[in-house]
Amino acid sequence: MEKEVDKSLVEEPYSEYGSYTYADYLTWEIDHMVELIKGKVFRQAAAAPRRIHQEISGRIFFKLYLNLEKKKCKVFSAPFDVRLPVKSKKHKDINTVVQPDICVVCDPEKLDELGCVGAPDLIMEILSPSNNKKELQNKYEVYEESGVKEYWIIHPYEKTLLIYSLVNGKYIPSRLFTLGDHVASSCIKGFVLDLEELFEGLE
């Protein structure tokens with residue numbers, strides 16, 4: 001006789017009601033990526049990210065990897081779980097788990113076998129038609145509250161970049177960068193992104 005499946009391990013999470021934690025998140029067996037923001041479930045689109053999104057992500061990751069080679073800071077790309085604890089690091093107490101497109105973590109104490117626990121130094125999100133509200137509103141709030149030093153938002157179709165820098169616990173926006181600009185990070189020494197080069201050939 002087949003062993004009965006424990007339904008609690010495969011129960012589909014619902015975003016319409018309830019509140020979930022990282023402990024719940026670890027039990028889900030679902031085919032698409034989800035994120036938790038203050039206990040609420042956000043599903044990623046079932047389809048893979050668009051080609052331009054992936055090209056931009058790859059180009060940035062490569063540049064960061066070269067910049068950080070042999071340094072203590074490490075760069076990661078999605079899927080990679082970033083847990084943002086509020087009161088404790090226990091799985092049952094964490095209700096925000098995100099998968100940034102790209103993140104840089106400079107404190108090795110924040111890295112474990114499950115990903116990152118605590119705020120990365122730098123997070124980059126590449127907008128897509130289906131996730132703009134999540135990136136611009138929901139993630140902005142938790143990144144600011146958790147202490148992410150820099151939050152870069154890249155718009156692949158408008159070919160723009162905006163940086164939010166944490167100053168005294170609040171995000172201060174940069175001007176809107178576009179083609180022709182060279183954009184430097186204030187928290188990752190030596191990292192400069194040439195937007196002409198970044199968006200070249202992407203139509």
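Tabulated data for the structure shown
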quantity: Debye-sum result for the chain in log10 I(q)/I(0), which assumes one identical scatterer on each alpha carbon, at q = 0.19 Å⁻¹; calculated: -1.48
quantity: Rounded to whole Hz, the Karplus (6.51, -1.76, 1.60) HN-Hα couplings of segment 187-203, x for glycine and proline; calculated: 10, 10, 4, x, 8, 10, 10, 8, 5, 4, 5, 4, 9, 4, x, 9, 10
quantity: Calculated from backbone phi, Karplus (6.51, -1.76, 1.60) coupling profile of segment 102-117 in Hz, x at Gly/Pro; calculated: 9, 9, 10, 10, 9, 9, x, 5, 7, 9, 9, 5, 8, x, 10, 10
quantity: DSSP-defined beta bridges in segment 49-199 - what % are antiparallel, rounded to 5; calculated: 80 percent
quantity: Where no second cysteine Cβ lies under 4.7 Å, the cysteines concerned in the chain; calculated: CYS103, CYS116, CYS187
quantity: Paramagnetic reach from SER174 (point 7 Å along Cα→Cβ, amide N under 11 Å) across segment 139-166; calculated: 150-154, 161-165
quantity: MET33-GLU109 pseudo-label distance in nm [points 7 Å out on the Cα-to-Cβ vector]; calculated: 2.9 nm
quantity: Amide H contacts under 5 Å for ASP194, placed H, 5+ residues apart; calculated: VAL183
quantity: Most mobile of THR160, THR27, THR178 in a GNM of the chain (Cα contacts under 10 Å); calculated: THR27
quantity: Within segment 49-199: Cβ-based charge dipole about Cα centre, in debye rounded to nearest 20 (Lys, Arg +1; Asp, Glu -1); calculated: 280 debye
quantity: Contact order relative to length of segment 49-199, as percent, for alpha carbon pairs under 8 angstrom and 6 or more apart; calculated: 18 percent
quantity: Sites matching trypsin sites (Lys or Arg not before Pro) across segment 40-105 that sit in DSSP coil, with at most 14 neighbouring C-beta atoms within 10 Å; calculated: LYS70, LYS71, LYS72, LYS87, LYS89, LYS90
quantity: THR160 long-range amide H proximity, modeled H, under 5 Å; calculated: HIS155
quantity: Expected 222 nm ellipticity per residue - DSSP helices of 4 or more, -39500 (n - 2.57), all of the chain, to 500; calculated: -5000 deg cm²/dmol
quantity: Whole-Hz ³J(HN,Hα) from phi, Karplus 6.51 cos²θ - 1.76 cosθ + 1.60, for segment 63-77, glycine and proline x; calculated: 5, 5, 4, 5, 5, 9, 4, 6, 10, 6, 6, 10, 10, 9, 10
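Values in this text are rule-based calculations from the coordinates and carry no lab data. Here the structure is a predicted model, which means the values were calculated and not measured. For neighbour counting, all protein chains shown are included, and Cβ atoms are generated from backbone atoms with ideal geometry for every residue, glycine included.
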